[in-house]
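What follows is a short report on a single structure.
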Amino acid sequence: MNKKSLLLYYMNKHKMTFCLVVFFTALQALFGACFAIFFERFIDYANTVTALGFDSDEFVKKVIYLLIYIIVYVFINFMRRILRSELIVQTDYDIKRDFFQTILSKDVQEYHIKETGFYLSRFTEDIPTIINDYILEFFNLVLYLCQSVFTVIVAFYINWIIASIYMVLSFVIIVYTSLFEKKFKDLRMEMSSRNAEYLTGLKMYLEGYDYIKLQRAEEIFLRSFENKINVLNKTKKQWWLLDSYYSPGNAFLTLLLTFASIVFATFFYVNGVFSIGLLTASIYLSTEIFNPISNLFEQITYLKGNKQIADTVFGELLNVKRDAGNALEEVQDCLLENVSVKYPGSDQYILQQVNVRFPIGKKYLVVGSSGIGKSTLLKLLSGQIDYEGNIFLNQQELRTIDKRNLYQRIGYMPQSGFIFTDTIKNNIDVCRKHSDEDVYSIAEKVQLESFVKSKGMDSIVSEEILEVSGGEKQRLCLARVLISMPEILLLDEVTAALDAETSYQIETLITSLDMTLFYVCHKLSPDIVSRFDYVVTFEDKNIIIKDSSQYVSSRY
């Protein structure tokens with residue numbers, strides 16, 4: 001994407017439909033304005049009939065012409081709406097798809113800079129605003145602009161005096177709308193920010209529902225939720241209050257100017273300057289010009305506020321970092337050189353000035369108390385968090401390696417697994433690359449065969465519905481990591497939710513695999529430790545590697 005405007009970019013993708021929408025919009029406005037000419041001539045004809053006598057054939061002919069004109073006008077309006085709806089649906093699909101693709105283009109570290117509520121707010125609030133209050137209203141703006149222009153042109157065609165009056169009176173509406181422009185724009189951006197905060201809080205409450213209930217903290221969280229609603233609604237109230245001042249004033253000015261133009265037209269008719277037909281045309285035009293002009297500048301005010309949101313979202317689409325790192329060959333070496341880690345917002349280092357080399361092809365048991373750096377080490381090696389110093393894989397700095405290539409060689413499973421609302425098969429084979437036999441084979445290895453047999457490979461499982469036990473969930477996620485057979489396997493307490501027998505079988509499996517293994521575990525015993533080559537411990541924010549036999553002899 002290299003366009004400067006979201007609107008131009010997406011309209012250019014569907015330029016034929018866009019051009020047809022604009023064409024039928026302009027045509028509808030032209031036909032609408034030209035009704036004044038029909039009315040003028042029809043009324044003047046009626047006035048002539050009164051003086052010269054009634055000709056039924058001529059009367060029927062004029063009525064038929066007017067009916068045909070009305071039918072064509074309605075058809076043009078129908079085509080405009082059909083084509084516009086098609087364009088809006090296409091654009092809605094494109095923006096949502098592109099934004100989701102942008103999210104998927106981020107690496108894990110970049111994605112987690114923002115909270116989940118921020119991304120949800122983009123999809124549930126900002127993109128619908130862009131579609132409904134920016135792009136859709138842009139076409140209304142085109143309609144109002146065309147109506148204003150063609151109405152003025154027809155007014156000059158009919159009589160320059162009344163057209164001049166319309167032009168002068170229209171400036172009153174222009175000045176009035178300009179007074180509210182900046183405030184509407186600022187409030188729109190503030191609502192977007194407040195909505196993101198609200199969705200972040202809502203997601204947190206729903207994810208922590210069980211804990212809220214079990215701790216009997218309903219009242220506490222209800223009050224917290226009420227506060228978030230109030231903060232959001234305070235901004236919304238400011239918007240609607242501003243609109244309450246603006247809209248009635250705008251409606252009053254529109255009616256006042258319409259009345260004033262009718263008074264002028266009546267004055268000229270009484271003084272013999274206008275015919276009865278011209279008076280009728282003037283009255284029709286006065287009702288047609290001020291509403292479009294009022295709506296035109298009202299739309300400009302709203303669009304400027306919504307354009308800021310559109311530009312912000314489009315900027316995110318443009319500014320995403322496309323990972324163009326170096327390819328990583330088979331991993332032969334892993335070295336941490338002067339590595340220090342602290343999490344955003346904290347001045348305390350979790351790891352500091354770490355210098356350690358991990359021989360590839362070995363099994364590492366990562367142990368230590370909570371918060372000492374075990375999970376941090378795994379996230380470091382998988383490129384999920386920022387760090388000071390250097391991490392080298394095959395003498396390539398981790399930051400320079402293409403992340404997709406890195407994730408192909410490193411398999412990572414966190415403490416808390418995740419299940420997609422999909423089939424058991426697709427939860428294991430998320431990339432849809434493996435046969436049913438491969439999927440079943442890996443399910444069997446992680447002790448999931450009875451679960452798969454009882455439900456069926458194509459049964460739907462879900463994170464939201466309590467139909468999968470904690471142990472089954474962990475094994476399902478482990479199968480997902482193992483099916484691609486990575487070179488380096490990073491497992492963070494994956495047996496924590498399993499019974500002793502299943503844990504033993506899983507640990508036997510992972511330690512028998514021909515790959516480098518980093519395994520975080522709290523349930524230690526001489527038997528478990530002896531299955532690993534080395535034990536990784538943490539002392540004074542540093543990493544110490546010990547031979548497993550040495551560790552056993554010193555501890556047991």
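The values are calculated or read from the model by the stated rules, or taken from the named source; none is laboratory data. All values derive from a computational prediction rather than experimental measurement. For neighbour counting, all protein chains shown are included, and Cβ atoms are generated from backbone atoms with ideal geometry for every residue, glycine included.
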**Asked** Which condition breaks for R432 when tested against (1) touching a residue at least 40 places away in the same chain (Cβ under 8 Å); (2) of a type outside the set (V, I, T); (3) part of a loop (DSSP other than H, G, I, E, B); (4) within 30 Å of S459 (Cβ to Cβ)?
**Response** (1)
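Answer with yes or no whether I300 is of a type in the set (A, V, I, L, M), within 29 Å of the chain's Cα centre (by Cα) and within 30 Å of I130 (Cα to Cα). Please lay out each step first, then the result.
On the way: of a type in the set (A, V, I, L, M): yes; within 29 Å of the chain's Cα centre (by Cα): yes; within 30 Å of I130 (Cα to Cα): yes.
Yes, satisfied.
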**Fill in**
If you go through G345, G315, G305, the only one that is small (G, A, S), buried (at least 18 other Cβ atoms within 10 Å of the Cβ) and farther than 25 Å from K546 by Cα is G305
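Which one is nearest to L336 (Cα to Cα), of the residues in segment 390-415 that are among the polar types (S, T, N, Q) and in contact with a helix residue (DSSP H, G or I) (Cβ under 9 Å, 6 or more places away or on another chain)?
This residue is N390.
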**Prompt:** Taking segment 106-160 as the region of interest, how many residues are of a type outside the set (A, V, I, L, M, F, W, C), closer than 25 Å to M11 by Cα and either crowded, with 16+ Cβ neighbours inside 10 Å or not assigned by the TED database to the domain that holds C19 (or both)?
**Reply:** 13
**Message:** Within segment 107-118, does at least one residue satisfy the condition of being over 30 Å from F274 (Cβ atoms), β-branched (V, I, T), without any contact (Cβ under 8 Å) to a residue 24 or more places away in the chain and part of a helix (DSSP H, G or I)?
**Reply:** no
**Asked** Can you find even one residue in segment 203-211 that is surrounded by fewer than 16 Cβ atoms within 10 Å (Cβ to Cβ), modelled with pLDDT of 85 or more and part of a helix (DSSP H, G or I)?
**Response** no
**Request:** Inspect segment 20-43 for any residue being closer than 30 Å to S192 by Cα, part of a helix (DSSP H, G or I) and touching a Leu at 6+ places or on another chain (Cβ under 9 Å) and give the result as yes or no.
**Result:** yes
**Complete:** With the first residue restricted to segment 508-523 and required to be within 20 Å of R555 (Cα to Cα), and the second required to be in a strand (DSSP E or B) and of a type in the set (A, V, I, L, M), Cβ contacts under 6 Å at 6 or more apart or on different chains are Y519/L365; Y519/L491; V520/V366
**Message:** Here is a list: Y407, Y412, Y387, Y364. Which entry is closer than 26 Å to V461 by Cα and crowded, with 19+ Cβ neighbours inside 10 Å?
**Reply:** Y412
**Request:** Find all pairs meeting these conditions: Cβ atoms under 8 angstrom apart; at least six residues apart or on different chains; first residue within segment 442-460 and surrounded by 13 or more Cβ atoms within 10 Å (Cβ to Cβ); second residue part of a loop (DSSP other than H, G, I, E, B).
**Result:** I442/I483; I460/T421
**Asked** What number goes with the only condition from (1) out of contact with any Lys or Arg (no Cβ under 7 Å at 6 or more places or on another chain); (2) at pLDDT below 80; (3) of a type in the set (A, V, I, L, M); (4) farther than 22 Å from S164 by Cβ that L296 does not pass?
**Response** (4)
**Request:** From L524, L513, grab the single residue that is of a type in the set (A, V, I, L, M) and over 21 Å from I442 (Cβ atoms).
**Result:** L524
**Message:** Looking only at segment 413-429, filter to residues that are free of Cβ contacts under 8 Å to residues at least 60 places away in the same chain, in a loop (DSSP other than H, G, I, E, B) and among the polar types (S, T, N, Q); which one of those is farthest from K455 (Cα to Cα)?
**Reply:** S416
**Residue, modelled with the lowest pLDDT, within segment 377-408, restricted to residues that are closer than 26 Å to E539 by Cβ and among the β-branched types (V, I, T)** = I385
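Could you pull out the residue among L296, L278, L255, L285 that is assigned by the TED database to the domain that holds I173 and either outside any helix (DSSP H, G or I) or free of Cβ contacts under 8 Å to residues at least 40 places away in the same chain (or both)?
L255
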**Request:** Check off (1) more than 20 Å from T287 (Cβ to Cβ); (2) at pLDDT below 85; (3) out of contact with any Lys or Arg (no Cβ under 9 Å at 6 or more places or on another chain); (4) not basic (K, R) for F171 and give me the number that stays unchecked.
**Result:** (1)
**Asked** Inside segment 95-106, can you point out the residues that are free of Cβ contacts under 8 Å to residues at least 40 places away in the same chain and among the charged types (D, E, K, R)?
**Response** K96, R97
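For (1) buried (at least 19 other Cβ atoms within 10 Å of the Cβ); (2) under 29 Å from Y209 (Cβ atoms), each residue gets a yes or a no:
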position	(1), (2)
D436	no, no
S469	no, yes
E472	yes, yes
V481	yes, yes
**Message:** Condition first: of a type in the set (F, W, Y) and within 30 Å of F35 (Cβ to Cβ). Now tell me which residues in segment 68-112 satisfy that.
**Reply:** Y69, Y73, F75, F78
**Prompt:** So F31 fits all but one of (1) over 22 Å from G315 (Cβ atoms); (2) under 36 Å from the mean Cα position of the chain (by Cα); (3) free of Cβ contacts under 8 Å to residues at least 60 places away in the same chain; what number is the exception?
**Reply:** (2)
